[in-house]
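**Q** Before I ask anything, let me first share the structure, which is written out below as structure tokens.
All of the numbers you see were taken from the coordinates with simple rules; none came from a lab. It should be emphasised that the depicted structure is a prediction, and the values quoted were computed from it without experimental measurement. Here the Cβ is made from the backbone with ideal geometry for all residues, glycine too, and neighbour counts use every protein chain on show.
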Amino acid sequence: MRLPDHADSDRKGDHPSREHRDDPPLLCAGDKKSTSAVSKSIEEFTPEQEYYIGRSVAAVILNKYQPYTNQPANQYLNLLGQTLAQASDMPEIFRGYRFLVLNSDEINAFATPGGQIFVTRGLLRCCRNEDAVAAVLAHEIGHIQLKHGIQAIKKARITDALTTIAAESARALAPNEVAMLTETFGGAIMDITTTLINNGYSRSFEYEADNAAQTILRRLGYDPNGLVEMLVVMGKNLKSGETGFAKTHPAPQDRIDEIQQKLGIKYSRVQTPEARQARFTKAVGKI
Amino acid sequence: MKRLRIFLLAVLFLCAFGLPLYSATQEFLSVQVKEGQMRSTPSFLGSVLASLAYGDRVELIEDKGAWKRVAIGGGRVKGWVHMSALSTKKIVLRAGTADVQTGATSSELALAGKGFNAKVEAEFKNKNKNIDYTWVDRMEMLAVKPDQMLAFLKQGQVNPPEGVAP
């Protein structure tokens, strides 16, 4: 598949991190055989419980990365992100979607089951316009909407949690049961953060999130080419073996191919209104 | 002809005694988000008619794909809520209520404040004192007001996200 003309990207050969992505993550719910069994138990978690899981996943992420406390950048991200969320198939979540920039040159983004979404400065620098930022945020919303984060929790841990929660329906938990539930909770947080930070989702989950993103962008009138252009810049900037995006996502070119083939998008340069470009530049243009 | 007359009389008899020829069941849904909004139209741009709290029961009146028209207060207030804010499960605020005692299955019942909750988070924090929640709490405050979002949409020539189908 031909690359966009105006941005020639180096066609990298297989880099070491790609082998990792072919390994199934801790719980590969992309595997259709197990999906129905897994998805039934996933549905048992209420949005409230997902919110609490999300808070602690967010706290662990913020333990590794510093927040970027620039108010205009974060306000812009929340204006854009919360608008995108309203156009998704899951606009309502327990306490709403919230976005925060991370102060890191690494190219990366994370979404927790509770609706907290993080994007690094490094990733925002791969965006040339608001449509590209919209694509990044919509992709993360897609992961939440499709419950990919929750599906990273090991099946045995879900069973443990749900068994204890069922017991709690009849009576208050004994102290040792509270301790057990806390341990299960801690394990669940670790399962999710390990997937987000170290292993990455399955390839099919990433493509599903790209697909969900395109739906959101189309509904609002954002140019879907924004994602393609962002991936091209990312492809140029990612270093072989780098932690972060390179390790946890399919190679940018593979995603571009998937987007263009599966979604039938014929690439053309992003057309964006001037006002949109101006506010993008003002908020994150020099991030 | 005689059989028909008898049949019609039987139907009238049933109707007279108020027995429905078909049953119309009420369907209830529960609010599964912390704060929900009931709107005048099936759109996030619709004006808010009422605020809904976690666990509130609403009666389903009309189903329009992703948006549900519901009623509260014995049918006095009617409005639209997005399906992602609603659950078919009954959300019970306390353990030991009649519903729990009847042994309702977990597919019918959800327990508010149970399982992974603020208490479990506090215990987790206790065991992991190096993990700081300051910015987790701060980012929750970054809510965008409806008028800010409208201005953002308009300025950027972005379509309003209304009436989104699943």
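**Q** Return an integer: the convex hull volume of the alpha-carbon atoms of the stretch A:17-284, in Å³ per residue. Intermediate values should be presented prior to the final figure.
**A** Numbers: hull volume 33.7 nm³, N = 268.
That works out to 126 Å³ per residue.
**Q** Taking the simple approach of a point 7 Å from Cα along Cα-to-Cβ for both residue B:4 and residue B:148, what is their distance in nm?
**A** Simple spin-label model gives 7.1 nm for this pair.
**Q** A 32 angstrom limit on the alpha carbon distance is what I want to check against. Which of A:282/B:129; A:266/B:145; A:286/B:119; A:282/B:145; A:155/A:236; B:68/B:145 exceed it? If you can, show how the numbers build up before the last one.
**A** Numbers: A:282/B:129 38 Å; A:266/B:145 36 Å; A:286/B:119 42 Å; A:282/B:145 21 Å; A:155/A:236 38 Å; B:68/B:145 23 Å.
Correct reply: A:282/B:129; A:266/B:145; A:286/B:119; A:155/A:236.
**Q** If I model a spin label as a point 7 Å beyond the Cα along the Cα-Cβ vector, how far apart are those points for residue B:159 and residue A:218 in nm?
**A** Result: 0.9 nm between the two label points.
**Q** Taking R0 as 22 Å, what's the FRET efficiency between residue A:166 and residue B:119 from their Cβ-Cβ distance, rounded to 0.05?
**A** Rounded to the nearest 0.05, the efficiency is 0.80.
**Q** Do me a favour and compute the ellipsoid semi-axes for the stretch A:88-233 from its Cα gyration tensor, root of five times each eigenvalue, largest one first, whole Å.
**A** Semi-axes, largest first: 34, 16, 13 Å.
**Q** Just to be sure I understand the model, the point goes 7 Å from the Cα along the line to the Cβ. What's the resulting residue A:66 to residue A:198 distance in nm?
**A** For residue A:66 paired with residue A:198, the spin-label model returns 2.6 nm.
**Q** Using 0.36 nm times the number of residues separating residue A:174 and residue A:105, minus their current alpha carbon distance, what extension gain do you get? Walk me through the intermediate numbers first.
**A** Working: separation 69, 0.36 × 69 = 24.84 nm, distance 4.64 nm.
So the chain would gain 20.2 nm between residue A:174 and residue A:105.
**Q** Partner chain Cβ atoms within 10 Å, averaged over the residues of A:77-84 - can you pull that number for me?
**A** 5
**Q** Would you be so kind as to identify which of A:201, A:179, A:86 lies farthest towards the positive end of the dipole of the stretch A:17-284, taking Lys and Arg as +1 and Asp and Glu as -1 on Cβ and the Cα centre as origin?
**A** A:86
**Q** While we're here: How large is the dipole of the stretch A:142-189 about the Cα centre if only Lys and Arg carry +1 and Asp and Glu carry -1, each at its Cβ, rounded to the nearest 20 debye? Could you put the intermediate results ahead of the total?
**A** Working: 5 positive and 4 negative charges, 44 e Å.
It comes to approximately 220 debye.
**Q** Right, next: So how do A:97, A:52, A:76 line up by other beta-carbon neighbours within 10 Å, fewest first?
**A** Neighbour counts put them in this order, fewest first: A:76, A:52, A:97.
**Q** A follow-up question, please. Go ahead and run the numbers for FRET between residue B:126 and residue B:35, Cβ-Cβ distance against an R0 of 30 Å, rounding to 0.05.
**A** Once the sixth-power term is evaluated, E becomes 0.55.
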